[in-house]
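Step one of this worksheet: look at the structure below.
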Amino acid sequence: MGLDFGFMQKYLPWYIDAAILTVRVSFFGILFSLVVGVICSVIRYYKIPVLQRIVSVYIEISRNTPLLVQLFFLYFGLPKIGIVWSAEICAVVGLAFLGGSYMSESIRSGLESVEKSQIESAASLGMSKALTMKEVIFPQALASSVPGICANVIFLIKETSVVSGIALADLMYVTKDLIGLYYETDEALIMLVAFYLVILLPVSVLASLIERRLRYAGFGN
């Protein structure tokens, strides 16, 4: 038997809505993970005593617990202490919590790759630590960190597939729902793969273009 294209056409709007939700959650989760990553990497770079320990604990917890467990804690656990968030907010926070630790590692390696001589030169010119970070260290570190950041972006978009566990109607949720209702497994899975490719391929191509341009500009290894 062939594919039921009528079924695929009928439920295409469901997938479009789910894809929009997936992109929205990914965008905000990645945006906040970058903010968390920058803050954590700067704290670790300057070895700020108390904050460095807190960041280290956060990174260990984040990287050594599955995203689904983190989402369950946010969605089912926090209401026990009176904090109630929607499934979408929980998904964004969970993605940022997980992604922040990975972004921190990527950016920190970029910060540490900046030559000490440049930092010493900035200090000899009377630049403050904050100004040196802004004008000298961070621009070079960010350029060096781009490959790792791009890899993390793709990783986090793929990780959104588990947010269906908290009843958020993303692509995976819609696929499982349709398979459970109509047993049209092949059609549902083909549409799932197609929509993830539509989302991820442009991101992957853009990441490759950015990395290539940075190499040509002399920032690559």
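The values are calculated or read from the model by the stated rules, or taken from the named source; none is laboratory data. Worth saying up front: this structure is predicted, and the values here are computed from it rather than measured. Every residue, glycine as well, gets a Cβ built from its backbone with ideal geometry; the counts of neighbours run over all protein chains shown.
The figures follow:
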quantity	calculated
Any chance A130 is without any contact (Cβ under 8 Å) to a residue 24 or more places away in the chain, surrounded by 13 or more Cβ atoms within 10 Å (Cβ to Cβ), closer than 26 Å to Y46 by Cβ and not basic (K, R)	no
C150 crowded, with 21+ Cβ neighbours inside 10 Å, of a type in the set (A, V, I, L, M, F, W, C) and in contact (Cβ under 8 Å) with a residue 24 or more places away in the chain	no
Residue in segment 61-68 that is under 29 Å from Q140 (Cβ atoms), in contact with a helix residue (DSSP H, G or I) (Cβ under 6 Å, 6 or more places away or on another chain), in a helix (DSSP H, G or I) and not basic (K, R) present	yes
Selection from segment 165-196 of residues that are exposed (fewer than 13 other Cβ atoms within 10 Å of the Cβ) and either within 17 Å of the chain's Cα centre (by Cα) or in contact (Cβ under 8 Å) with a residue 60 or more places away in the chain (or both)	A167
Test: residue in segment 170-192 that is touching a helix residue (DSSP H, G or I) at 6+ places or on another chain (Cβ under 9 Å) and within 30 Å of G110 (Cβ to Cβ)	no
Among residues of segment 39-83, those that are without any contact (Cβ under 8 Å) to a residue 24 or more places away in the chain and in contact with a Leu (Cβ under 7 Å, 6 or more places away or on another chain), counted	1
For T160: the one exception among (1) modelled with pLDDT of 90 or more; (2) out of contact with any Asp or Glu (no Cβ under 9 Å at 6 or more places or on another chain); (3) of a type in the set (S, T, Y)	(2)
Sole residue being in a helix (DSSP H, G or I) and either in contact with a strand residue (DSSP E or B) (Cβ under 8 Å, 6 or more places away or on another chain) or surrounded by 16 or more Cβ atoms within 10 Å (Cβ to Cβ) (or both), chosen from S26, S56	S26
Test: residue in segment 84-94 that is in a helix (DSSP H, G or I) and more than 30 Å from V25 (Cα to Cα)	no
Enumeration of residues in segment 68-112 that are of a type in the set (V, I, T) and over 25 Å from S144 (Cβ atoms)	V69, I81, I83, V84, I89, V92, V93
